[in-house]
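A quick write-up on the structure given underneath.
The values are calculated or read from the model by the stated rules, or taken from the named source; none is laboratory data. No experiment lies behind these values; they were computed from the predicted model shown. Please note: Cβ atoms are built from the backbone with ideal geometry, for glycine as well, and neighbour counts cover all protein chains shown.
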Amino acid sequence: MGQVVFRDNRAFFDYWTSFAARSFRRRGAPEPPPDFDITHYRIQATLEPDLRLRVVTRARLTARVGTRVLLFQISPRMRVEQVRVGGEPAEVFQPDSLRANLLRGDGNAAFLVAPAQPLAAGRDYEIEFQHEGAVISEAGRRVYFVGARGSWYPNAGLHFARYDLIFRHPRELNLVANGEVVDEIEEGPWRISERRIESPVRLAAFNLGAYVSARVPRAGLNVAVYANRQLERALEPRPQPVLIMPPPNPAWSRTRQPPNVVAVPLDPPRPDPTARLRDVAAEIAAGMDFMASHFGPPPLKTLVVSPIPGTFGQGFPGLIYLSTLAYLDPAERPAAVRDQYQQMFFSEILHAHEVAHQWWGNIVTTAHYQDEWLMEALANYSALMFLEKRKGTRALEAVLAEYRRRLLAKTEDGREVESIGPLSWGARLRVSQAPGAWQTIIYDKGTWVMHMLRRRLGDERFLAMLGQLRRRYQHRAITTEQFRQLAAEFLPAGSHDPQMENFFAQWVYSTGIPSLKLEHSLAGKAPALTLHVRLIPSGVGEDFLVEVPIEIQFARLKPIRRWIYTGMAHRSIPIKVPQKPTRVVLDPEQAVLKR
């Protein structure tokens, strides 16, 4: 329940309340299965010279239950013209509802298909869609933007399927897509390519442009990175006026008339969109090696990376869209993205984040908006672990410090961004009052949650947990609660929160970033010394409970490390020590998100 709000030419759906039906809220209520499974797609797409996309999509589905109506979704830029089920014409209802599209949270439009005869449970059917639309726009200088990257063909939620893809497009353009190339021919003004995806994946995607490429072969894996030959218009530097003085004239001094100064606009040199092509290719190949060593093989043997106008990236199975900014020399990027963090983001983090989505989002996935933070947090923290491997722990900590700063920043109405809502709100965090809150909370706080888990479990256990996550949930959706249970399996013995229920209650299902104060005193005489420590939180509710590490340092002995609990704030915790400490340090490795 809520309302549609327009702000800065954007539409938002501001939620007032949202909850599941009572039957689904009952503890242990099973998730209802989908009405049908899709196991194979065959898609034939023609891209006309005017960039209009005409597509015939055939899907093989198995009905789980008897049903009269099938629910699909597609980009609102595409129109479904005709549907046939089992060779028979079917009715299509494709409403145009901004409110419904916003409620879905992904910008897609739902439509219904009513077959001539009800589907029978357990039977296989072929459904054929004819659809067309304008999902591609030109950004200038033969640079193109694919606006419906995951919804240019009908899909129905979480289905891992195999694909056969046939693309027909103008021959002067390069088209890339996920899957292995089966055949490619030229036919008059057209280029026709056929690709096959033999491993089950969630989505098929493509990109196009006038490209140059770099390839990095690896054992069992091919990485192909494409760059635009020319720069999109939005990144072209503006002409700068240059003042031109006429040659000196002795008459000026006699007449006392100033010379006529002419201002001539001068086009500065354009940034090179291929400047970092080979560097990006090498870094992506190294990132794939790093992540495959910890998470297992990627979903497909070939990874294609191609540019997209804008400041974002997106990772599909076997295909990554990467912001053009990542290809530019850092000195040639626009002034708006030249601060230290933005430079690191476009040079070090963005491509690694999208590489990590090969596992988190494309092998393991989520089905509900309450759990969407998991895939982004896992992908982003995987990217930061790769950054740490290449640049050291200080680089990781610098990024986390920037995330903390953004979480504590104030919105227009004076609230801290982190207080807008918990991670579990997912798409409900996209509110008109704080348009950037969703990204900051889902990505930045989610990354901090993964970092805190890593520090609490330790590196070996944390990486083992991620490996088990991939194996246990391959081609399946995971929920936040299932992730909590998995993390608890790898928690070291002796924790004050053995099921990690308090951890997730505070950091995932609630809001708040505490200030922490450590008090300590020494009692007794050597060798029977006892250090009494007390951890005092503030700035959060009384029920905010968190484990924090301390390090007790000595002059000649190895330090002692312990995890202490804010739930014991009203009494001190005794710790036996061999001699008088030189220092007692709270959270020496930045293991906890705090002020």
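Taken together, Pro271, Pro307 contain a single residue that is in contact with a Ser or Thr (Cβ under 8 Å, 6 or more places away or on another chain) and either surrounded by fewer than 21 Cβ atoms within 10 Å (Cβ to Cβ) or in the same structural domain as Arg229 (by TED's automatic domain parsing) (or both), which is Pro307. Of the residues screened, Phe312 is not one that is assigned to a helix (DSSP H, G or I) and on the phi < 0 side of the Ramachandran plot.
I'd like to check something: does region 35-54 contain any residue that is surrounded by fewer than 17 Cβ atoms within 10 Å (Cβ to Cβ), more than 30 Å from Asn174 (Cβ to Cβ) and either at pLDDT 95 or above or under 27 Å from the mean Cα position of the chain (by Cα) (or both)? Yes, that holds for at least one residue.
One line per residue, one yes/no per condition, for (1) surrounded by 19 or more Cβ atoms within 10 Å (Cβ to Cβ); (2) touching a helix residue (DSSP H, G or I) at 6+ places or on another chain (Cβ under 6 Å):
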{"site": "Ile127", "(1), (2)": "yes, no"}
{"site": "His131", "(1), (2)": "yes, no"}
{"site": "Ile136", "(1), (2)": "yes, no"}
{"site": "Gly140", "(1), (2)": "no, yes"}
{"site": "Val146", "(1), (2)": "yes, no"}
{"site": "Gly150", "(1), (2)": "no, no"}
{"site": "Leu165", "(1), (2)": "yes, no"}
{"site": "Arg168", "(1), (2)": "no, no"}
{"site": "Glu172", "(1), (2)": "no, no"}
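Output the residues belonging to region 45-59 that are free of Cβ contacts under 8 Å to residues at least 60 places away in the same chain and touching a Pro at 6+ places or on another chain (Cβ under 9 Å). Hit for region 45-59 is Glu48, nothing else.
When Tyr403 is tested against (1) under 20 Å from the mean Cα position of the chain (by Cα); (2) surrounded by fewer than 18 Cβ atoms within 10 Å (Cβ to Cβ), only condition (2) is not met. When region 540-562 is filtered for residues that are at pLDDT below 95 and within 41 Å of the chain's Cα centre (by Cα), the ones remaining, listed by number, are Val540, Gly541, Glu542, Asp543, Phe544, Leu545, Val546, Glu547. Against the definition (free of Cβ contacts under 8 Å to residues at least 40 places away in the same chain and of a type outside the set (D, E, K, R)), how does Thr440 come out, yes or no? Judged against the criteria, Thr440 is a match. Residues in region 336-343: is at least one surrounded by 20 or more Cβ atoms within 10 Å (Cβ to Cβ) and aromatic (Phe, Trp, Tyr)? There is no residue in region 336-343 that is surrounded by 20 or more Cβ atoms within 10 Å (Cβ to Cβ) and aromatic (Phe, Trp, Tyr). Among the residues of region 407-427, is any within 17 Å of Lys594 (Cα to Cα), among the aliphatic types (A, V, I, L, M), at pLDDT 95 or above and surrounded by fewer than 17 Cβ atoms within 10 Å (Cβ to Cβ)? Looking for residues that are within 17 Å of Lys594 (Cα to Cα), among the aliphatic types (A, V, I, L, M), at pLDDT 95 or above and surrounded by fewer than 17 Cβ atoms within 10 Å (Cβ to Cβ), one finds at least one in region 407-427, hence yes. Of the helices (runs of 4 or more DSSP H) that lie entirely inside region 367-485, those containing 1 or more residues that are among the acidic types (Asp, Glu) and within 30 Å of Asp37 (Cβ to Cβ) span 372-391. If the condition is being over 16 Å from Arg84 (Cα atoms) and either hydrophobic (A, V, I, L, M, F, W, C) or part of a strand (DSSP E or B) (or both), then region 105-119 contributes Ala109, Ala110.
Do we find a residue being of a type in the set (Gly, Ala, Ser) and free of Cβ contacts under 8 Å to residues at least 12 places away in the same chain anywhere in region 293-300? Yes, region 293-300 has at least one match. Within region 488-543, restricting attention to residues that are outside any strand (DSSP E or B) and in contact with a Gly (Cβ under 6 Å, 6 or more places away or on another chain), which residue is surrounded by the most Cβ atoms within 10 Å (Cβ to Cβ)? That would be Pro514. Residue count for region 522-547, restricted to those that are closer than 16 Å to Ala505 by Cβ and in contact (Cβ under 8 Å) with a residue 24 or more places away in the chain: 7. Inspect all residues belonging to region 268-284 and state whether any of them is at pLDDT below 95 and in a helix (DSSP H, G or I). No, the conditions are met nowhere in region 268-284.
Filtering region 563-571 for residues that are out of contact with any helix residue (DSSP H, G or I) (no Cβ under 8 Å at 6 or more places or on another chain), more than 23 Å from Arg455 (Cα to Cα) and in a loop (DSSP other than H, G, I, E, B) leaves a non-empty set. I'd like to know if region 473-483 contains one or more residues that are within 30 Å of Gln342 (Cβ to Cβ), of a type in the set (D, E, K, R) and out of contact with any strand residue (DSSP E or B) (no Cβ under 6 Å at 6 or more places or on another chain). Within region 473-483, not a single residue is within 30 Å of Gln342 (Cβ to Cβ), of a type in the set (D, E, K, R) and out of contact with any strand residue (DSSP E or B) (no Cβ under 6 Å at 6 or more places or on another chain).
Give region 315-351 a look and list any residue that's assigned to a strand (DSSP E or B) and of a type outside the set (S, T, N, Q), or say none. Within region 315-351, Gly315, Phe316, Leu319, Ile320, Tyr321, Leu322 qualify.
When Leu243, Leu231, Leu303 are checked against the criterion of being assigned to a strand (DSSP E or B), at pLDDT 95 or above and in contact with a strand residue (DSSP E or B) (Cβ under 9 Å, 6 or more places away or on another chain), Leu303 stands alone in meeting it. Across region 301-331, the qualifying residues are those that are among the polar types (S, T, N, Q) and in contact (Cβ under 8 Å) with a residue 60 or more places away in the chain, and the one among them that is nearest to Leu384 (Cα to Cα) is Gln314. Sub-6 Å Cβ pairs linking a first residue in region 410-432 that is over 19 Å from Trp448 (Cβ atoms) to a second residue that is among the small types (Gly, Ala, Ser) and surrounded by fewer than 18 Cβ atoms within 10 Å (Cβ to Cβ), at least 6 apart or interchain, are Ala427/Gly105, ordered by first then second residue.
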